[in-house]
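The values are calculated or read from the model by the stated rules, or taken from the named source; none is laboratory data. Quantities reported herein were computed from a predicted structural model and do not represent experimental measurements. Please note: Cβ atoms are built from the backbone with ideal geometry, for glycine as well, and neighbour counts cover all protein chains shown. Please note that ligands, DNA and RNA were not included when accessible areas were found on the heavy atoms of the full protein model with its side chains. Shrake-Rupley method; radii C 1.70, N 1.55, O 1.52, S 1.80 Å.
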Amino acid sequence: MGLLSAIVGLPLAPVRGVIWLSEVIQDQVEQQMHDPAALRGELEEIDRAAAAGRISDAEARDAQQAILDRMTGTADDTTGSDRKE
């Protein structure tokens with residue numbers, strides 16, 4: 001029965017591959033979003049932009065708060081998975 005199910009399931013192999021690849025990419029993105037070194041770099045870039053006058057103090061505060069929310073896990077879910085349409 002294993003051979004028969006393998007033959008029948010063969011057309012779905014590309015779909016399974018795409019699903020697996022998307023899961024790997026999602027894991028990498030989540031690791032990057034919560035990497036302390038990357039978050040610190042983003043905070044430093046915000047400070048440099050504010051010091052250079054490229055963004056206002058309010059924009060800098062909002063951006064810093066968004067990064068801090070990501071660090072603590074209190075950021076809103078922006079994936080839309082819980083939205084009702």
* What full-extension length gain, to one decimal in nm, is calculated for R40 and R54 as 0.36 nm per residue of separation minus the Cα-Cα distance? -> 3.1 nm
* **With at most 16 neighbouring Cβ atoms within 10 Å, loop trypsin sites (Lys or Arg not before Pro) (DSSP) excluded, longest segment of the chain** => 1-53
* In terms of solvent-accessible area of protein heavy atoms at a 1.4 angstrom probe, what is the ranking of E59, E42, highest value first? -> E59, E42
* To do: With runs of 4+ DSSP H residues as the only contributors, calculate the mean residue ellipticity of the chain at 222 nm using -39,500 (n - 2.57) per run, divided by the residue total and rounded to the nearest 500.
  => -24000 deg cm²/dmol
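Between rounded, prolate and oblate, where does segment 1-56 land on the alpha carbon gyration tensor, with a ≥ b ≥ c its root eigenvalues, rounded for a/c under 1.5, else prolate if a/b exceeds b/c?
The shape class here is prolate.
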